[in-house]
Amino acid sequence: MRPTPGPSHNIGFGARVLRFFKRLIITTVVLALGGATVFLLSELNAKTFTLEIREGKLTVLKGRLMPMGADPWRPGDPVLADAYAPLELEGTSPMGVVGVKYDDRDSLDRALFSVVESLARPRVASDDPKDLERGLYFIRRGEHLSGLTDEQRLSLKKMKADVSYYTARMKLEEGQKQIEEALAALKLAAESDTRHARSANQMILAVEPEAKALTDAVRKASTMSVPPPGKVEPAQPPALPPGPAVPAGPSQPLAGDAGTP
């Protein structure tokens, strides 16, 4: 006897094809949704930043175009490259900013400035020229950060004001040095037998007196000292004008001389 065909044998070719296409569509949709999810996660990760300490420097990492992972950020713009270059921590340990994921540059700037400020503040309060120069470097790094809060901008402004005296003094001393070097070069040209000797002599006659007065003034200003911060020199009381002279009266006899003829 021939076996009776079961229900599976009754399914036609068209039904099997339809079931195959349904499964294919479902698989395609699932893969498409998975791919879209991976793409969105990659896009979000590529816009994030983190801070890590590498070889004693605070390094900015930017997310890869993948769901996870990051690499050191090296912007093509020279200004940005300077602002986000690895920051020498000089033995300090920043707290609360390392290993945190920042969703945009503004939040990264605020975190980075907190570290820059902690490095700059003690140095701009120092009288050591090397410390001041280092403090100025950190201030310049802070000026490149555009996403600061109003409070951070005020702090940066105060630090710049604290160090403005030393900045002006360094520029004046640098200008004095350049003027002296220029005069020395002109005198060398004037003493030589060249076609520029006459012009050099004329320039010396025109600028040397004013240049010498200027360099003397800068040299004198550089020797001036100010009281150290927090120390106020006591004010001297004003001198009182001399009072009117009191005429001397007749001498009075002493008590012991009473009754003496």
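All of the numbers you see were taken from the coordinates with simple rules; none came from a lab. Since we're looking at a predicted model, the values are computed, not measured. In this analysis, Cβ positions are derived from the backbone assuming ideal geometry, glycine residues included, and neighbour counts consider all displayed protein chains.
Shape verdict for the range 60-170, please, from the Cα gyration tensor: rounded (a/c under 1.5), prolate (a/b greater than b/c) or oblate. Because a/c hits 1.5 or more and a/b exceeds b/c, the range 60-170 counts as prolate. Maximal additional length on extending the residue 31-residue 168 stretch stands at 42.8 nm, based on 0.36 nm per residue less the C-alpha distance.
Local charge for residue 201 was computed over the other residues whose Cβ lies under 14 Å away, with Lys and Arg +1 and Asp and Glu -1, and equals 0.
In the neighborhood of residue 149, defined by Cβ-to-Cβ distances under 11 Å, what is the net charge if each Lys or Arg adds +1 and each Asp or Glu adds -1? It would help to have the intermediate numbers written out before the result.
Working: positive: 110, 153; negative: 106, 109, 150, 151.
My count for the surroundings of residue 149 gives -2.
Couplings 3J(HN,Hα) of the range 73-81, computed from phi: 8, 10, x, x, 6, x, 5, 5, 4 Hz, in residue order, whole Hz [Karplus 6.51 cos²θ - 1.76 cosθ + 1.60, θ = phi - 60°; x for Gly and Pro]. Other residues whose C-beta falls under 15 angstrom from the C-beta of residue 126 contribute a net charge of -1, scoring Lys and Arg +1 and Asp and Glu -1.
In this structure, the amide hydrogen of residue 70, modeled 1.01 Å from its nitrogen in the peptide plane, lies closer than 5 angstrom to those of 64, counting only residues at least 5 positions away or on a different chain.
How high is the relative contact order of the range 94-139? Use alpha-carbon pairs under 8 Å, at least six apart in sequence, and give a whole percent.
Working: 27 pairs, mean separation 14.0, N = 46.
Relative contact order of the range 94-139: 31 percent.
Rounded to the nearest whole angstrom, the semi-axes of the ellipsoid equivalent to the range 148-226, taken from the Cα gyration tensor as √(5λ), stand at 40, 15, 8, largest first. The phi torsions of the range 193-206, fed into the Karplus equation with coefficients 6.51, -1.76 and 1.60 and a -60° offset, translate into couplings of 8, 10, 5, 9, 4, 5, 4, 5, 4, 5, 5, 4, 4, 7 Hz, rounded to whole numbers, with Gly and Pro shown as x. Here the Karplus relation 6.51 cos²θ - 1.76 cosθ + 1.60, evaluated at θ = phi - 60°, turns the backbone of the range 121-134 into coupling constants of 4, x, 7, 6, 8, 8, 9, 7, x, 5, 5, 4, 5, 5 Hz, with x for every Gly and Pro.
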